[in-house]
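**Student:** Structure provided below as structure tokens; questions to follow.
The values are calculated or read from the model by the stated rules, or taken from the named source; none is laboratory data. For clarity, every value in this text was computed on a predicted model and none was experimentally measured. Neighbour counts are summed over all protein chains in view; Cβ atoms, including those assigned to glycine, are modelled from backbone coordinates with ideal geometry. When the accessible area is computed, the model is the full protein with side chains, heavy atoms only, and any ligands, DNA or RNA have been set aside. Shrake-Rupley method; radii C 1.70, N 1.55, O 1.52, S 1.80 Å.
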Amino acid sequence: MTARPAVAVVIPACDEQALLPAALDAVRVAAGHPALDGVRVLTVVVADRCTDGTAALARAAGALVVPVSLRNVGRARAAGVSAALDALGGADPLWLASTDADSTVPPDWLAFQLARAAEGWDAVVGTVTVDRWPAHQPRLAARHHRLYEVSRPPAGRPWQHPHVHGANLGVDARAYTAAGGFPPLPLSEDHGLVDALERTGARLLRTADCPVTTSARTRPRARGGFGDHLAALEGITRPARPEDTEAAG
């Protein structure tokens, strides 16, 4: 019997019942792209210490829910991938796509990643755009855009951007396993995986051609990530929380 190709979309979530439905709807649309005809798509939501309706919403949307108590995004993403590998272990090829609960992927997101995989790329490292900038922070959008785009070459030339986002990342399962998977880090686990992929000789495509839309919130679930980056641009400082110390340990 010929193995059926598959894609797993892994989404870590901590009390994301407000934003998760939009993320899941976007993944559902991407999974229905004609280019994925015959490809099994499994959405995995890692419910990390959730106290709201995140897990129930994910199950109702057809996702495989992995409840954990980690408060560590690296371990959470790794747990989601592990569950996907268990569920789809017979798939060949198996592509692992990563996004976030506060993000919405474009309709051709999975089709784009699989097309790049068919070209021989082991991983696709994408960019993000920001949705609904806060009206009370008028300078934030301009500051972010200026810094984010500073390395972009003149029009018409491909941008080998320096960014890494767990919200827009895809990797072949074999390359992921060879690299050791997501490291157990409370932040920058996406950078850790990409660094490991580079060390193991994986072919990485850094592209801005299929960006994912993410939120502009400056009080994110995970400290030290994109939300804190936006907060720093606006000059916002926040006191440490007890769970941040726990996660860092």
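**Student:** Could you do me a favour and compute the accessible area per residue for the stretch 1-50, 1.4 Å probe, result in Å²?
**Tutor:** Numbers: 2230 Å² over 50 residues.
Spelled out: the 1.4 Å probe surface of the stretch 1-50, per residue, equals 45 Å².
**Student:** Over the chain, what relative contact order in percent results from Cα pairs under 8 Å that are six or more residues apart? Write out the running numbers ahead of the final one.
**Tutor:** Details: 482 pairs, mean separation 58.5, N = 249.
Once divided by the residue count of the chain, the mean separation gives 23 percent.
**Student:** While we're looking at this one, here's another question. Quick one: accessible area per residue over the stretch 56-147, 1.4 Å probe, rounded to a whole number of Å²? Present the calculation step by step, with values, prior to reporting the outcome.
**Tutor:** Values: 4100 Å² over 92 residues.
Here the residues of the stretch 56-147 average 45 Å² of exposed surface.
**Student:** Set the Förster radius R0 to 30 Å, insert the Cβ-Cβ distance between residue 22 and residue 159 as r into 1/(1 + (r/R0)^6), and round the FRET efficiency to 0.05.
**Tutor:** Values: r = 27 Å, r/R0 = 0.91.
E between residue 22 and residue 159, to the nearest 0.05, is 0.65.
**Student:** Right, next: Here are some values of Cα Rg over 2.2 N^0.38 Å: [x] 1.41; [y] 1.11; [z] 0.97. Which one was computed from this structure?
**Tutor:** [z]
**Student:** Find, among the trypsin sites (Lys or Arg not before Pro) in the stretch 131-188, those assigned to loop by DSSP (not H, G, I, E, B) with at most 16 other beta-carbon atoms within 10 angstrom.
**Tutor:** Working: sites: 132, 139, 143, 146, 174; in loops: 132.
Within the stretch 131-188, the qualifying trypsin sites (Lys or Arg not before Pro) (loop, at most 16 other Cβ atoms within 10 Å) are 132.
**Student:** From largest accessible area down, sort 103, 69, 151; use a 1.4 Å probe on the protein chains. Please report the intermediate quantities before stating the final value.
**Tutor:** Values: 103 0, 69 80, 151 60 Å².
Ranking 103, 69, 151 by accessible area, largest first, yields 69, 151, 103.
**Student:** Something else about it: Could you tell me how far the Cα centroid of the stretch 47-82 sits from the Cα centroid of the stretch 9-28, in Å?
**Tutor:** Here the two parts' Cα centres lie 10 Å apart.
**Student:** Ok, one more. Give me the percent of the accessible area of the chain that comes from carbon and sulfur atoms, probe 1.4 Å, all protein chains in place.
**Tutor:** Numbers: 6350 of 11660 Å².
Carbon and sulfur: 54 percent of the exposed surface of the chain.
**Student:** Compute, for residue 16, the solvent-accessible surface of its heavy atoms (probe 1.4 Å) with the complete set of protein chains present, and express it in square angstrom to the nearest 10.
**Tutor:** Estimated to the nearest 10 Å², residue 16 gives 10 Å².
**Student:** Between residue 203 and residue 69, what is the label-to-label distance in nm when each label sits 7 Å out along the Cα-to-Cβ direction?
**Tutor:** It works out to 4.5 nm between the two label points.
**Student:** Now a separate question. Ordering 149, 198, 189 by how much accessible area each has at a 1.4 Å probe, largest first, what is the list? Numbers along the way, then the final one.
**Tutor:** On the way: 149 45, 198 95, 189 10 Å².
Correct descending sequence by accessible area is 198, 149, 189.
**Student:** Between residue 152 and residue 191, what is the spin-label point distance in nm, taking each point 7 Å from the Cα along the Cα→C-beta axis?
**Tutor:** Label-label distance for residue 152 and residue 191, simple model: 2.2 nm.
**Student:** For the pair residue 92/residue 118, report the inter-label distance in nm, with labels modelled 7 Å from Cα in the Cβ direction.
**Tutor:** 2.0
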